[in-house]
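Shown next, in structure tokens, is the structure this report addresses.
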Amino acid sequence: MIGAGSAGFSAAITASEQGANVALIGHGTIGGTCVNVGCVPSKTMIRAAEALHGARAAHRFPGLAGEANVADWGRLVAAKDDLVTTLRQKKYVDLLPQYNGVAYLEGKARLNGQGALIVNGDPIMAGKIIIATGSAPALPDIPGIGDVPYLTSTTALELSELPRSLLVIGGGYIGCELAQMFARAGAEVTLVTRRRLLPEAEPEISAALTGYLRDEGITVLTGLSYRRIARTDRGVELTVAIDGADEVIAAEQVLLTTGRSPNTGGLGLAEAGVKLCGNGGVLVDERMRTSKPGVYAAGDVTGRDQFVYMAAYGAKLAAQNALNGDSLVYDNAAMPWVTFTDPQVAGVGLTEQAARDAGFETKTSIVSLDQVPRALAARDTRGLIKLVADAKSDRLLGGQILAPEGADSIQTVVLAIKHGMTAKALGETIFPYLTTVEGLKLAAQGFGKDVAKLSCCAG
């Protein structure tokens, strides 16, 4: 297993449980991106920022008032680092001795094209090889970017001081999450993107989230093109073109969140006959096989479904197929995804446009959160729910949720799509009252009813 992150560990544990002898090869910090520099660090900082916002937003309840601020940014960052260290030790380092068949090797690995791996200059013979080396932040094609000191999603969370102003380039999920987090912590934030925010989300979701971020004081500029970026005495300046006119944006720091590139350099893939796809990822088929017999790949290094849980899932399949005859097929038809903004964005399945492109005759239902009793009781009606169904069969094809508890509600749609439920069946399912997930029942009923005319728990 080349790579000791979530995918590598998943593959190593799976193979060990089936009696294989495993060499798990890591280079750098054990545990990979998720626990060290990705999911865990960012989500704990995002939660901290939510606590700040929660206190300030208390006035939405009559008779309440609240205020909060960052008293010690360095201490907050140190607490984040302590959590990362604890989880890395508990969920990765301490696990290895529990699997007798797994040997951990630290070093750079390279395929030699003759069935062996070269690790630190020494050959290791292996019947099967799984590549799980992850990805790294990608640089945008902006003139001057190489001469500017920039932050990535990793280094931004290591800052010892909170920046006074921050320019975030890129409107994907990382850009949206970190822009809101830093703004709530007290930085003046500008978020810029060539397209719209969350371009893979439904347009109604994107538009609503854009409005909510602007309501919090974040400057959001979309649909622009980049001219150049330069270093100044006070930080950086980005020149953009908006509706044909140039505009200069200045900030103390710039954070690049324009995607990630698969880590394939130095692995000897071309020499070994392992092909890459157009986005630079290792080309794999539906059984996680590369173009080289006996070599598999999983996770971000493949350039698809760059979520830690999909990396672990794909790596498990790769290990099982490598040892048991390639019988399992990768299936992402009911893959959930989450953006941890506030409100959260969560989705699964096809968007309305993707369903049409796939040849479906679609129907949709959109319910705003001001129709959901939970949101009314919480006095926070930011958000909406959109469901997409096949107009002919009524089968659910996709769903997206923009809501404070959207991340915990999307799994209901995941199960509905996985098991082929119709919108009618979902609308007839019993849901608990005063929950965000109850909004899915209302959205399902919304295909044929005006939910504004329903009483509480009606249907």
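Close amide-amide hydrogen proximity is noted between Thr339 and Val345, Ala346, each under 5 Å apart and 5 or more residues distant or on a separate chain (H modeled in the peptide plane; Pro and chain starts excluded).
A simple charge model with +1 on the Cβ of Lys and Arg, -1 on the Cβ of Asp and Glu and nothing else charged puts the dipole of region 160-271 at about 200 debye relative to its Cα centre.
Extension gain, Ala354-Glu204: 0.36 nm per intervening residue step, less the Cα-Cα distance, totals 52.5 nm. Phi angles of region 112-117 translate, via the Karplus equation with coefficients 6.51, -1.76, 1.60 and θ = phi - 60°, into HN-Hα couplings of 9, x, 10, x, 10, 9 Hz per residue; Gly and Pro are given as x.
With a sphere of radius 15 Å drawn around the Cβ of Val119, what net charge do the other residues whose Cβ falls strictly inside it have (Lys, Arg +1; Asp, Glu -1)? Once positives and negatives cancel, what remains is 0.
Taking a sphere under 14 Å around the Cβ of Thr14 and counting the other residues whose Cβ falls inside, with K and R at +1 and D and E at -1, yields a net charge of +1. When the surface is traced with a 1.4 Å probe over the full set of protein chains, Ser225 keeps roughly 50 Å² accessible. Sequentially through region 203-216, phi angles give Karplus couplings (6.51, -1.76, 1.60; θ = phi - 60°) of x, 5, 5, 4, 5, 5, 4, 4, x, 5, 5, 5, 4, 8 Hz, Gly and Pro residues having no value and appearing as x.
For Leu255, the residues whose modelled amide H falls within less than 5 Å of its own, excluding neighbours fewer than 5 places apart on the same chain, are Leu151, Leu167, Val168, Ile169.
Taking amide H positions as modeled 1.01 Å from N, with prolines and chain starts lacking one, the residues under 5 Å from Ser291 and 5 or more places away or on another chain are Lys275. Simple rule: put +1 on each Lys or Arg Cβ and -1 on each Asp or Glu Cβ in the chain, find the dipole, and look at Ala179, Ala444, Ile46; the Cα lying farthest toward the positive end is Ala444.
Per residue, the chain reaches -9000 deg cm²/dmol at 222 nm when only DSSP H runs of four or more residues are counted, each adding -39500 (n - 2.57). As a length-normalised measure over Cα pairs under 8 Å and 6 or more apart, the relative contact order of the chain settles at 14 percent. Pairs Lys316/Lys418; Lys43/Lys386; Lys424/Lys449: which are spaced more than 22 Å apart, C-alpha to C-alpha? From the list (Lys316/Lys418; Lys43/Lys386; Lys424/Lys449), the Cα-Cα distance tops 22 Å for Lys43/Lys386.
Simple spin-label estimate for Glu106 and Ala51 gives 3.3 nm between the two label positions (7 Å along the Cα-to-Cβ direction from each Cα). Taking 7 Å steps out from each Cα toward its Cβ at Ser160 and Asp370 produces label points 4.9 nm apart. Sequentially through region 44-58, phi angles give Karplus couplings (6.51, -1.76, 1.60; θ = phi - 60°) of 5, 6, 5, 5, 4, 5, 5, 5, 4, 5, x, 5, 5, 8, 4 Hz, Gly and Pro residues having no value and appearing as x. Each DSSP beta bridge with both residues in the chain is either parallel or antiparallel, and the antiparallel ones are about 70%.
The values are calculated or read from the model by the stated rules, or taken from the named source; none is laboratory data. What you are looking at is a predicted structure, and each value in this text was computed from that prediction instead of being measured. Neighbour counts are summed over all protein chains in view; Cβ atoms, including those assigned to glycine, are modelled from backbone coordinates with ideal geometry. Ligands, DNA and RNA are stripped out before the accessible areas are found, and what is left, the full protein with its side chains, is counted by its heavy atoms. Shrake-Rupley method; radii C 1.70, N 1.55, O 1.52, S 1.80 Å.
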